[in-house]
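The structure under discussion appears below in the form of structure tokens.
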């Protein structure tokens with residue numbers, strides 16, 4: 001495993017790689033990382049937060065159960081500037097009664113931002129939960145120019 005660091009407007013992350021690609025983007029918040037900077041990933045993070053999208057996603061090696069992988073793949077299909085509900089994702093992956101399990105898979109998402117779990121909201125359009133904090137979810141949704149009022 002190789003660990004590097006990147007920073008963002010919401011805080012710092014440790015990027016954990018295996019021989020295939022990025023395995024985890026671990027949020028460390030305002031703490032200072034003990035690892036060397038990851039300049040290539042930092043460029044992708046900067047593009048993401050400049051709201052210009054991404055030139056290319058880092059090569060990722062998502063590891064989880066088949067259910068989690070199906071949820072994370074569905075999250076990657078949510079276009080920037082839009083949201084989907086936990087129920088919509090459950091239906092999309094063929095498990096219409098699994099809204100809560102979708103929420104759990106979102107919480108366990110190892111690569112936030114690039115696997116955009118922040119784009120999943122409750123069916124009533126309220127913000128729902130976010131592993132990096134509700135205030136960061138609101139920031140990300142606002143940054144992506146969504147016009148909805150998330151409470």
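The values are calculated or read from the model by the stated rules, or taken from the named source; none is laboratory data. All values derive from a computational prediction rather than experimental measurement. Reconstructed Cβ throughout: ideal geometry from the backbone, glycine too, with neighbour counts over all protein chains shown.
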*From the residues in segment 76-113 that are in contact with a strand residue (DSSP E or B) (Cβ under 7 Å, 6 or more places away or on another chain) and in a helix (DSSP H, G or I), which one is nearest to residue 130 (Cα to Cα)?*
106
*For segment 65-72, indicate whether the set of residues that are at pLDDT below 95 and either closer than 28 Å to residue 4 by Cα or outside the structural domain of residue 29 (by TED's automatic domain parsing) (or both) is non-empty.*
no
*What number of residues within segment 79-92 are modelled with pLDDT of 95 or more and either crowded, with 19+ Cβ neighbours inside 10 Å or within 24 Å of residue 48 (Cβ to Cβ) (or both)?*
7
*Taking the condition in a strand (DSSP E or B) and under 14 Å from the mean Cα position of the chain (by Cα), does residue 5 pass?*
no
*Only one of these is touching a residue at least 24 places away in the same chain (Cβ under 8 Å) and more than 14 Å from the chain's Cα centre (by Cα): 28, 20, 16. Name it.*
20
_Positions within segment 28-48 being closer than 11 Å to residue 6 by Cβ and either at pLDDT below 90 or outside any loop (DSSP other than H, G, I, E, B) (or both), in sequence order_ = 28, 33, 37, 39, 40, 41, 42, 43, 44, 45, 46, 48
*With 73, 97 as the choices, which residue is free of Cβ contacts under 8 Å to residues at least 40 places away in the same chain and within 13 Å of residue 117 (Cβ to Cβ)?*
73
_Among the residues listed as 96, 110, 58, 79, the single one being more than 22 Å from residue 126 (Cα to Cα) and assigned by TED's automatic domain parsing to the domain that holds residue 134_ = 110
*asked:* If I ask for residues that are surrounded by 11 or more Cβ atoms within 10 Å (Cβ to Cβ) and in contact with a strand residue (DSSP E or B) (Cβ under 7 Å, 6 or more places away or on another chain), which ones from segment 50-74 would you list?
replied: 58, 60, 61, 63
*Listed residues 130, 114; which is under 21 Å from residue 7 (Cβ atoms) and touching a residue at least 40 places away in the same chain (Cβ under 8 Å)?*
114
